[in-house]
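The values are calculated or read from the model by the stated rules, or taken from the named source; none is laboratory data. None of these values were measured; they are calculated from a predicted model. Cβ atoms come from the backbone with ideal geometry, glycine included; neighbour counts cover every protein chain shown. The accessibility values were calculated without ligands, DNA or RNA, using every heavy atom of the protein model including side chains. Shrake-Rupley method; radii C 1.70, N 1.55, O 1.52, S 1.80 Å.
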Amino acid sequence: MTNSASQSLSLEDAFKIAVAHHRAGQLQDAEKYYRAILSSFPQHADANHNLGVMCRQVGKHAEALPFFEAALTANPANAQYSISYADGLLTTGNAARSIDVLKKAGTIGDPSIAVIAEEVLKKAWGMLGIATESEPPAAEIEKLISLFNLGRYAELEAGVQTMIAQFSRHGLLWKLYCASLHMQSKDVLPALEKASQLMPADAELLNNLGAAQAAKKNFEQAAISYRRALAVQPALLDAHNNLGIALRNLGDLDGAIASYRKALELKPDHADSHSNLGVALRDKGLFDDAVERFRIASELRPDNAKIHNNLAAALQNVGKLSESLASSKRVLELEPDNLDAHSRALFTYNFFADKSPAETLAEARSFGALVARQAKPFSSWTGTPDPDRPLRVGIVSGDLRDHPVGYFVEDVLKEISNNPATTLRIIGYSNHLIEDSITLNIKACCSEWYVVDDMSDEILAGKIRGDAIDILIDLSGHTAANRLPVFAWKPAPVQASWLGYFATTGLAEIDYLIADEHGVVDGEEEFYTEQIWRLPETRLCFTPPKENVAVAPLPATDVGFITFGCFNKLTKMTDAVVELWARILLAVPQSSLLLKATMLKSDSQKQLVIERFAVHGISGDRLQLQGPSPRAEYLAAYSQIDIALDPFPFTGGTTSVEALWMGVPVLTLRGDRFLSRQGVGILHNVGLHDWIADSKEDYVSKAISHSRDVVALARLRSALRQRLSDSPLCDALRFASHLETALRSMWRQRCAGK
């Protein structure tokens with residue numbers, strides 16, 4: 001039967017036909033008529049009810065519930081609808097809701113229906129683990145529920161505790177107790193564990209249990225609780241969404257994505273699930289898909305700052321920097337005090353060549369003023385101002401792991417910790433849950449180690465002060481997972497920023513920015529809120545890769561042409577960079593460009609890169625586009641390139657040193673700020689002065705001239721790893737001595753009252 005056929009009948013006649021098919025057991029025909037009726041008259045109570053009954057007849061108990069609910073909504077006075085809905089809820093395990101429906105049904109006049117209702121009610125109480133004869137007085141339960149509805153949670157807690165003393169296995173009492181604790185922000189986990197034992201078929205309770213376990217970072221148990229909830233009630237939207245969150249935190253991105261997609265099948269306009277799915281897709285490197293999800297979520301909830309913040313991060317990942325900055329500004333319109341959005345906007349500034357150091361300083365000062373308003377700085381510390389005593393040095397970062405910060409700090413800390421004469425004790429404050437082999441190596445160099453990602457700024461600041469830290473070092477700046485607001489509390493008498501960032505933090509409470517003469521040249525101090533402390537030679541010390549990947553012969557000798565390459569994030573490849581690299585490719589016949597980046601796992605991003613170069617006359621066959629790979633394979637990919645091209649104004653750091661390690665020289669463009677001179681400092685320290693360009697024209701000219709001398713390139717390639725190994729960039733013992741001297745000098749200035 002079709003809708004058009006049903007419309008030729010009256011609703012009454014169509015319903016009679018549907019009922020006749022139903023009674024005859026012709027369920028498919030009956031369903032067609034019922035659904036046709038509901039397409040014209042969705043509030044038809046009997047059609048909804050009967051379709052629900054039929055769903056249950058074929059074992060589709062969960063699918064029956066919306067029809068029973070619709071029938072009861074259309075006619076709340078129909079006792080049969082209440083019983084059918086209550087019994088359906090009971091079958092799907094939601095005993096508490098079943099009882100609630102029957103209580104709202106009120107007095108049932110028909111004795112036969114009343115008997116059925118009583119039986120359903122008994123089954124519901126039994127499922128909750130409560131014998132009907134041991135029920136607390138109904139009036140007392142109603143009184144407790146009333147306290148909850150009135151928001152009198154402390155009274156509810158006291159009243160429930162009194163009742164539990166008498167009826168200790170009454171599940172509903174325990175559920176109310178959980179509600180009272182939750183609404184008072186008290187620890188609810190033990191009560192939820194007890195309640196879920198008494199009410200194992202209450203899906204809502206199991207979902208709440210999972211949320212409480214997740215709040216304590218016990219994601220494995222949380223996932224188990226969410227799955228138990230879904231076994232009882234497969235269509236519980238929140239449990240699917242929450243399971244996705246737990247699985248993402250456990251590193252199971254595929255499982256998380258599947259859970260979020262299931263939630264969206266149940267409710268396609270659920271903004272939180274779209275946003276959470278975007279986070280998981282971003283973590284998986286599917287940045288275009290992540291942006292799409294965040295856009296949908298932001299359209300569904302245009303005033304949600306968190307979603308716009310996620311969108312800003314995702315847009316930055318795909319190189320849409322202006323849009324990313326606009327999204328960050330939208331967050332700040334909604335939440336002017338949102339520190340994460342302020343910090344992200346500052347980081348995004350680094351990609352824009354037209355953002356002057358003065359503009360960046362002004363924005364950074366604004367951030368510093370904001371965090372200062374939210375903090376209550378300490379003015380006294382426990383350590384004595386003795387200039388020569390051993391020092392407790394705290395390092396704060398979310399990147400003490402397989403990350404560029406980890407690569408540049410690992411060997412330095414190892415040298416400090418292995419030096420019997422050192423006067424430094426390193427205390428690590430890791431703002432990241434997951435530990436890897438590099439984390440374990442760094443951790444072994446620390447006399448104390450704390451994971452602090454779940455601590456508030458105030459609590460962490462208090463802990464650092466309580467730990468008697470003398471010098472506190474920020475290793476993040478305005479990069480992800482930073483804890484800059486903690487520094488505004490001034491938990492240590494001396495504070496510095498080093499390594500992870502390349503501009504001012506904007507915090508007046510950070511005393512020093514550790515740099516070198518190449519990064520921050522004389523005369524630029526005015527663009528920093530910190531005092532510049534220049535280390536001798538370099539601010540960087542590279543930990544050579546553990547992966548044993550040999551330097552390969554120069555590829556140009558085999559293929560007959562030069563292959564340029566860049567392994568930096570595509571975000572750094574601005575339009576100005578593309579235009580300059582295209583000029584090089586056009587000037588060097590048959591040359592090609594190999595790009596390797598996480599974003600290039602996406603076909604759409606590959607196509608975008610091809611289109612960007614096509615504008616400048618470079619065909620796609622001259623581009624080699626590779627996605628991410630494990631570090632050993634990543635390093636081995638340098639065997640395919642002859643010359644590495646450094647982007648600008650955001651130059652490479654880790655990628656540049658890795659290229660040199662693999663025998664590949666890097667051509668860099670000297671910029672007008674710290675960030676744009678990373679390559680200058682690196683190349684200066686390995687003696688590659690003729691690979692530093694002073695202008696765009698010089699950059700192109702050097703690329704052409706170096707590419708013409710294949711013999712010189714091959715000779716340099718064979719010697720470059722040793723040159724790097726012998727340079728200050730890999731001399732961890734020497735660097736550790738310089739760093740310790742700098743920190744001691746900072747401390748002595750503090751003791752001298754400077």
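Given a 1.4 Å probe, how much area per residue of the stretch 399-515 is accessible, in Å²?
Values: 3610 Å² over 117 residues.
For the stretch 399-515, the per-residue accessible area is 31 Å².
Please report, in whole Å³, the volume per residue of the convex hull around the C-alpha atoms of the stretch 332-404. Before the final figure, lay out the partial values.
Values: hull volume 14.0 nm³, N = 73.
Taking only Cα atoms, the stretch 332-404 has a hull volume of 192 Å³ per residue.
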* Top positive-direction residue, dipole computed over the stretch 388-443 with Cβ charges, set L400, S417, S437 -> S417
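Given +1 on the Cβ of Lys and Arg, -1 on the Cβ of Asp and Glu, and no further charges, what dipole in debye does the stretch 30-85 carry about its Cα centre, rounded to the nearest 20? Don't skip to the answer; put the middle values down first.
Numbers: 4 positive and 4 negative charges, 25 e Å.
The calculation lands at about 120 debye.
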* Structure fact -> For D187 and T384, extending 7 Å from Cα along the Cα-Cβ vector and measuring point to point gives, in nm, a value of 3.9
* Please report Rg over Rh for the stretch 174-257, where both radii come from the alpha carbon positions and Rh follows the Kirkwood definition. => 0.97
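Whole number in Å², please: accessible area per residue of the stretch 170-273, 1.4 Å probe, ligands, DNA and RNA not counted.
Numbers: 4370 Å² over 104 residues.
Per residue, the stretch 170-273 has 42 Å² of solvent-accessible surface.
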* **Coordinate range along principal axes, alpha carbons of the chain, Å, largest first** => 99, 68, 44
* Asked: With charges only on Cβ, +1 for K and R and -1 for D and E, what is the dipole size of the stretch 156-250 about its Cα centre, in debye, rounded to 20?
  -> 160
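So between L9 and E359, what do we pick up on full extension, going 0.36 nm a residue minus the alpha carbon distance? Please report the intermediate quantities before stating the final value.
Details: separation 350, 0.36 × 350 = 126.00 nm, distance 7.32 nm.
That works out to 118.7 nm of additional length.
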* To do: Show which aspartates and glutamates lie in cross-link reach of K123 when reach means a straight Cα distance below 19 angstrom and same-chain residues fewer than eight apart are skipped.
  => D87, D100, E133, E135, D202, E204
* **Approximate shape of the stretch 615-690 as ellipsoid semi-axes (Cα gyration tensor, √5λ), whole Å, largest first** => 22, 18, 12
* To do: Rank-order 14-27, 648-661 by packing density, defined as the average count of other C-beta atoms within 10 Å over each peptide's residues, highest first.
  => 648-661, 14-27
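Rounded to the nearest percent, how much of the accessible area of the chain (1.4 Å probe, protein heavy atoms only) is carbon and sulfur? Write down the numbers at each step before the final one.
Values: 16290 of 31580 Å².
Here it works out to 52 percent.
Evaluate E = 1/(1 + (r/R0)^6) for S705 and K217, where r is the Cβ-Cβ distance and R0 equals 60 Å; express this FRET efficiency to the nearest 0.05. Walk me through the numbers on the way to the answer.
On the way: r = 56 Å, r/R0 = 0.94.
FRET efficiency, S705 to K217: 0.60.
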* Structure fact -> Semi-axes in Å, largest first, for the stretch 593-730 (Cα gyration tensor, √(5λ)) are 24, 18, 16
* **Segment H616-E458, extension gain: residue separation times 0.36 nm, minus the distance between their alpha carbons** => 51.6 nm
* **Top positive-direction residue, dipole computed over the chain with Cβ charges, set Y450, I532, G500** => Y450
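Given the convex hull of the Cα atoms of the stretch 191-340, what is a quarter of its surface area in nm²?
The directionally averaged projection comes out at 9.1 nm².
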* So if we plug the beta-carbon distance of T598 and R35 into 1/(1 + (r/R0)^6) with R0 = 45 Å, what FRET efficiency do we get, rounded to 0.05? -> 0.40
* Compute log10 of I(q)/I(0) for the stretch 270-365 with the Debye formula, placing one identical point scatterer on every Cα and leaving out solvent, at q = 0.13, 0.14, 0.25 Å⁻¹, to two decimals. => -0.42, -0.48, -1.24
* To do: State, as an integer percentage, the relative contact order of the chain based on alpha-carbon contacts under 8 Å between residues 6 or more apart.
  => 7
* Once a ≥ b ≥ c are taken as the square roots of the eigenvalues of the Cα gyration tensor of the stretch 22-111, is the result rounded (a/c under 1.5), prolate (a/b larger than b/c) or oblate (a/b not larger than b/c)? -> prolate
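With each run of n ≥ 4 DSSP H residues scored as -39500 (n - 2.57), what mean residue ellipticity at 222 nm is computed for the chain after dividing by its residue count and rounding to the nearest 500 deg cm²/dmol?
Working: 35 runs with 424 residues, N = 754.
The per-residue figure over the chain is -17500 deg cm²/dmol.
Counting only heavy atoms of protein chains, what accessible area per residue, in Å², does the stretch 597-677 have with a probe of 1.4 Å? Could you put the intermediate results ahead of the total?
Numbers: 2640 Å² over 81 residues.
Accessible surface, normalised per residue, equals 33 Å².
Let me know the Kirkwood hydrodynamic radius for the stretch 472-618, please, with Cα pairs as the basis and the value in Å to one decimal. Please list the in-between numbers first.
Working: mean 1/r = 0.0524 Å⁻¹.
By the Kirkwood definition, the hydrodynamic radius is 19.1 Å.
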* Asked: Contour minus end-to-end for L250 and R631, with contour as 0.36 nm per residue of separation and end-to-end as the Cα-Cα distance?
  -> 134.9 nm
* Over all Cα pairs of the stretch 388-471, how is the pair count split among 5 Å bins, expressed in % and running from 0 up to the last occupied bin? -> 3, 15, 26, 25, 18, 11, 3, 0
